[in-house]
Each structure stands twice: as C-alpha cells, then as structure tokens.
Amino acid sequence: GLGFVVVSDKSAYTTGRFTRDNTGRIASILAEKIALLHGPDNQPLPKYRKDTEGLALLPNGQAYISFERDARVAHYATLNGPGIIIAGPPAFDTMRRNSSLEALAVDADGTLYTLPERSGDLLRPFPVYRFRGGVWDHPFSIPRIGTFLAVAADIGPDGRFYLLERQFRGLSGFASRVRRFEMGSNQLFNQETLFQSIPGQHDNLEGLSVWRDASGTLRLTMISDNNLLFLQRTEIV
C-alpha cells in the first residue's frame, strides 16, 4: 500500500510512493518523472499503437500490459525496456477497437486473465481469456448486470477475482462497481458486490489493485482516467 505503478492511455507510465497517516489514509503522493513505454523495437510506440489500459505486475518486477485500440497483450521484463507482444487468440482480432482489452490480471502462478470492456450485447456475458503455459483459452465468462462496462480486474491476495466496472450517466457523471468471485479451474462462482458508488461520487475509475494492509485487512485502491479533459481529474480512492 505504499508503492504504485500507473500507466496512461498514451502509453506512458510512472512509479511513486504514498505517504499515509496513522489511519491509513493517503496524505501525499510522490511520483517519478513520466516516461514512455516502448514497443518490440525498443522505440516509443507510434500513435496508432498506443491506448494502454490494463497493467498486471509480477513479484519480480516484470509486467504485462493490455492494449485497447489494437487488442493485444505485451510482456515487459522491465517497464523501461521493449514490450514483447504475446500472440493472441483469433477472438482478439474481432474486438471493437475502442472497447477491447481494458482489464488485465495475473494470479500467484503467473497466469494472465483479460477481458474486453464490452461484450457486444447487454445480454451477452463478458468473455474472460486466460494465458498459461504459452496457450490462450476461454475458461469462463462473467454475466453482465445492467449497463456497467468492465474496466479493470485483479486477483487478490485471497485468490479471488475482482472486477471493476464503470457506468456513464451523462451529466450525472460516472458510477463504479466492484464485484468479487471465487475462482475454480474453469468457472467463477459465489459472486458478490463489494462496492457501488452513486453517479458523480468519483471520477472515471478505471484501475484497480487489491492488497492486504499490515493489519491483514483487504483493501481496494482505484485510480481514475481523466480522458485528457480539463473537466475531469486523475483521482486515487
């Protein structure tokens, strides 16, 4: 709960530290200079290959990042090095360019899970794709409830799957929801809603990290995407 890594829609990233008061609330933030992510050629990504969305970190500092415009996942041995594209399943090629791989998570064994922002229909569940042992499969889907869209995921230290969803309510702003699931080998079950904000309570929350504090309490930290608009803000809650 003290260090953080964040990425932007424009394929930039930064790292930093939180200072917390004696109740655990964030008192201040110190961030390093923003740097650009690189592609396989170790050069900054061209404009048409940007649109970074999901970030999954391994304990050894390696990272996986998902992209939305051209649906794909890249592996970074270090964030300041080249991003090596992982060949994806055919389904990635059929996803809508501005509604694809928003969410990305990794479990304790290094297995990746990703899903698109939209499923294509309100009655169609979100398909979850899994990458393990060098192979992609589609082990399960997540039912849609209302008009919320999938924007981030994480596997908590409790081994459960957490999904952050976002709903745009026009002039009322954004509403956010977090659902949690038990994980089986090929299914999610015991769904529960942990959090749902009222429209306008927070900005456009699109990033999620689940962690355990020194007392053993599970905490969910979320960050908003300001869409590069002066009317919005980057907010950590």
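The values are calculated or read from the model by the stated rules, or taken from the named source; none is laboratory data. Values in this document were obtained by computation on a predicted structure and should not be read as measured data. Note: ideal-geometry Cβ built from the backbone for every residue, glycine included; neighbour counts use all protein chains shown. Keep in mind that these areas ignore ligands, DNA and RNA; they rest on the heavy atoms of the full protein, side chains included. Shrake-Rupley method; radii C 1.70, N 1.55, O 1.52, S 1.80 Å.
Can you report the number of residues in segment 56-86 which are over 24 Å from residue 108 (Cβ atoms), without any contact (Cβ under 8 Å) to a residue 40 or more places away in the chain and either in contact with a Cys (Cβ under 9 Å, 6 or more places away or on another chain) or of a type outside the set (D, E, K, R) (or both)?
1
Mind listing whichever residues of segment 175-190 are in contact with a strand residue (DSSP E or B) (Cβ under 6 Å, 6 or more places away or on another chain) and not polar (S, T, N, Q)?
Residues satisfying the conditions are 175, 177, 178, 179, 180, 181, 182, 183, 188, 189.
Residues 219, 177, 160: which one is at pLDDT 95 or above, among the basic types (Lys, Arg) and either touching a Cys at 6+ places or on another chain (Cβ under 6 Å) or under 22 Å from residue 64 (Cβ atoms) (or both)?
Working: 219 fails: either touching a Cys at 6+ places or on another chain (Cβ under 6 Å) or under 22 Å from residue 64 (Cβ atoms) (or both); 177 fails: either touching a Cys at 6+ places or on another chain (Cβ under 6 Å) or under 22 Å from residue 64 (Cβ atoms) (or both).
Criteria check complete, one pass: 160.
Yes/no per residue for (1) over 26 Å from residue 218 (Cβ atoms); (2) touching a strand residue (DSSP E or B) at 6+ places or on another chain (Cβ under 7 Å):
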| site | (1), (2) |
| --- | --- |
| 10 | yes, no |
| 30 | no, yes |
| 36 | yes, yes |
| 42 | yes, no |
| 54 | no, yes |
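Residue check: is residue 206 charged (D, E, K, R) and either farther than 25 Å from residue 19 by Cβ or free of Cβ contacts under 8 Å to residues at least 12 places away in the same chain (or both)? Steps first, answer last, please.
Numbers: charged (D, E, K, R): yes; either farther than 25 Å from residue 19 by Cβ or free of Cβ contacts under 8 Å to residues at least 12 places away in the same chain (or both): no.
For residue 206, the condition - charged (D, E, K, R) and either farther than 25 Å from residue 19 by Cβ or free of Cβ contacts under 8 Å to residues at least 12 places away in the same chain (or both) - is not met.
So how many residues does segment 181-236 have that are farther than 20 Å from residue 117 by Cβ and either among the small types (Gly, Ala, Ser) or part of a loop (DSSP other than H, G, I, E, B) (or both)?
Total satisfying the criteria: 15.
Consider residue 53 carefully, then state whether it is under 17 Å from the mean Cα position of the chain (by Cα), touching a residue at least 60 places away in the same chain (Cβ under 8 Å) and under 22 Å from residue 142 (Cβ atoms).
Working: under 17 Å from the mean Cα position of the chain (by Cα): yes; touching a residue at least 60 places away in the same chain (Cβ under 8 Å): yes; under 22 Å from residue 142 (Cβ atoms): yes.
For residue 53, the condition - under 17 Å from the mean Cα position of the chain (by Cα), touching a residue at least 60 places away in the same chain (Cβ under 8 Å) and under 22 Å from residue 142 (Cβ atoms) - is met.
Consider residue 136 against the criteria (1) closer than 21 Å to residue 77 by Cβ; (2) within 15 Å of the chain's Cα centre (by Cα); (3) open to solvent by 20 Å² or more (accessible area, probe 1.4 Å): it satisfies all of them except one. Which criterion is unmet?
Status for residue 136: all satisfied but (2).
Taking only segment 130-183 into account, find how many residues are free of Cβ contacts under 8 Å to residues at least 12 places away in the same chain and of a type in the set (Gly, Ala, Ser).
3
Given the criterion touching a His at 6+ places or on another chain (Cβ under 8 Å) and either open to solvent by 50 Å² or more (accessible area, probe 1.4 Å) or part of a strand (DSSP E or B) (or both), identify the matching residue among 178, 151, 128. Even if it seems obvious, please write down each step before you answer.
Details: 178 fails: touching a His at 6+ places or on another chain (Cβ under 8 Å); 151 fails: touching a His at 6+ places or on another chain (Cβ under 8 Å).
Answer to the selection: 128.
Identify all residues within segment 195-216 that are farther than 20 Å from residue 102 by Cα and open to solvent by 70 Å² or more (accessible area, probe 1.4 Å); write none if there are none.
198, 201, 212, 214, 215
Six or more apart or on different chains, Cβ under 7 Å: which pairs go from a residue in segment 17-39 that's among the basic types (Lys, Arg) to one that's at pLDDT 95 or above and open to solvent by 90 Å² or more (accessible area, probe 1.4 Å)? Could you list them?
17/30
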